[in-house]
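A.B. asks: Provided herewith is a single structure, encoded as structure tokens, for subsequent inquiry.
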Amino acid sequence: MEERPPTLRVVVISPVRIYVEGLARLLDAEPGIRLTGTAGGVDTAVPLLDRPDVDVILLDMTGDMAGERGLTALHRLAGITAVPCVVLGIPDRPAEVIACAEAGIAGYVTNEHGFADLVGTLRSATKGEFTCGADIAAGLVDRLAALARDRRPAALVNLTSRELEIVALIESGYSNKEIARLLQIQLTTAKNHVHNILEKLGVRGRGQVMAAIRGRQWGIETAPPPLRVLAESS
């Protein structure tokens with residue numbers, strides 16, 4: 001008997017209510033997908049993202065959310081949660097996709113993709129797979145290589161042994177309170193360490209620290225396998 005894939009629990013974020021309602025109905029009707037909730041923006045999504053039953057976020061980046069406004073939302077999400085985020089409606093061009101990848105996306109679908117493509121991308125994102133065209137894959141690899149050359153030595157020099165411990169715990173999903181308990185330090189001390197790590201690594205939130213580790217930008221040997229960039233076959 002064929003094994004069913006695990007149920008995928010999705011939060012949809014879009015400022016267009018009718019768009020959210022349409023996506024919600026489609027996703028809820030799809031076998032193996034459960035809609036955890038919807039929100040009109042990042043602020044209203046925060047209570048949903050604090051819940052443990054969220055596997056992936058779908059962020060609408062069409063219309064008013066295109067360009068810088070959408071990128072700002074992505075950066076805010078990266079600072080709030082480590083849940084993978086798939087964006088909807090960005091152009092399939094290297095500059096736009098790479099900008100979103102640097103902001104922490106785990107996948108994307110364009111206006112030309114269909115619902116089946118969206119479902120596949122949501123599932124791939126939870127497995128650490130980033131599917132894109134060959135030209136975009138090449139651009140992503142080049143960009144990651146440039147970031148590694150520019151940042152890796154400084155990061156290794158600047159992080160203390162205690163900060164490296166905390167980076168590993170952040171990557172494993174521990175909260176500041178849990179880090180304080182595990183390392184037997186005050187909560188304020190743990191928060192200060194996390195703040196210093198963000199500043200030293202030049203990132204904006206815990207989610208970006210995790211993305212950096214997965215990309216092995218900082219040379220931490222205990223990091224899990226990096227995000228797999230899969231070039232679509234022509």
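A.B. asks: In the stretch 103-117, what residues are surrounded by 19 or more Cβ atoms within 10 Å (Cβ to Cβ) and in contact with a strand residue (DSSP E or B) (Cβ under 8 Å, 6 or more places away or on another chain)?
C.D. replies: The answer is 104, 105, 106, 107, 108, 109.
A.B. asks: Any idea how many residues of the stretch 183-207 are under 14 Å from residue 171 (Cβ atoms) and of a type in the set (Lys, Arg)?
C.D. replies: Summing the residues that are under 14 Å from residue 171 (Cβ atoms) and of a type in the set (Lys, Arg) in the stretch 183-207 gives 1.
A.B. asks: Which one of 110, 44, 81 is closer than 19 Å to residue 17 by Cα and either among the polar types (S, T, N, Q) or at pLDDT 90 or above (or both)?
C.D. replies: 44
A.B. asks: Filter the stretch 11-33 for residues that are part of a strand (DSSP E or B) and either out of contact with any Ser or Thr (no Cβ under 6 Å at 6 or more places or on another chain) or at pLDDT below 90 (or both) and give the result.
C.D. replies: Correct list: 13, 33.
A.B. asks: Which residues, taken from the stretch 40-68, are touching a helix residue (DSSP H, G or I) at 6+ places or on another chain (Cβ under 9 Å), part of a helix (DSSP H, G or I), surrounded by fewer than 16 Cβ atoms within 10 Å (Cβ to Cβ) and not charged (D, E, K, R)?
C.D. replies: Hits for the stretch 40-68 are 46, 63.
A.B. asks: Follow-up. Looking only at the stretch 88-102, how many residues end up being surrounded by fewer than 19 Cβ atoms within 10 Å (Cβ to Cβ), small (Gly, Ala, Ser) and outside any helix (DSSP H, G or I)?
C.D. replies: The number of residues fulfilling the criteria is 0.
A.B. asks: Now for a separate question. Assess whether residue 43 counts as being over 18 Å from the mean Cα position of the chain (by Cα) and free of Cβ contacts under 8 Å to residues at least 24 places away in the same chain.
C.D. replies: no
A.B. asks: Has the stretch 27-39 got at least one residue that is in contact with a His (Cβ under 6 Å, 6 or more places away or on another chain) and either farther than 24 Å from residue 7 by Cα or crowded, with 19+ Cβ neighbours inside 10 Å (or both)?
C.D. replies: The answer is no; no qualifying residue exists.
A.B. asks: Name the pairs: first residue in the stretch 18-33 and of a type in the set (D, E, K, R), second residue assigned to a helix (DSSP H, G or I) and modelled with pLDDT of 90 or more, Cβ to Cβ under 9 Å, at least 6 apart or on different chains?
C.D. replies: Qualifying pairs under 9 Å: 30/115; 30/119.
The values are calculated or read from the model by the stated rules, or taken from the named source; none is laboratory data. This one's a predicted model, so the numbers in the text were calculated from it and none came from an experiment. Reconstructed Cβ throughout: ideal geometry from the backbone, glycine too, with neighbour counts over all protein chains shown.
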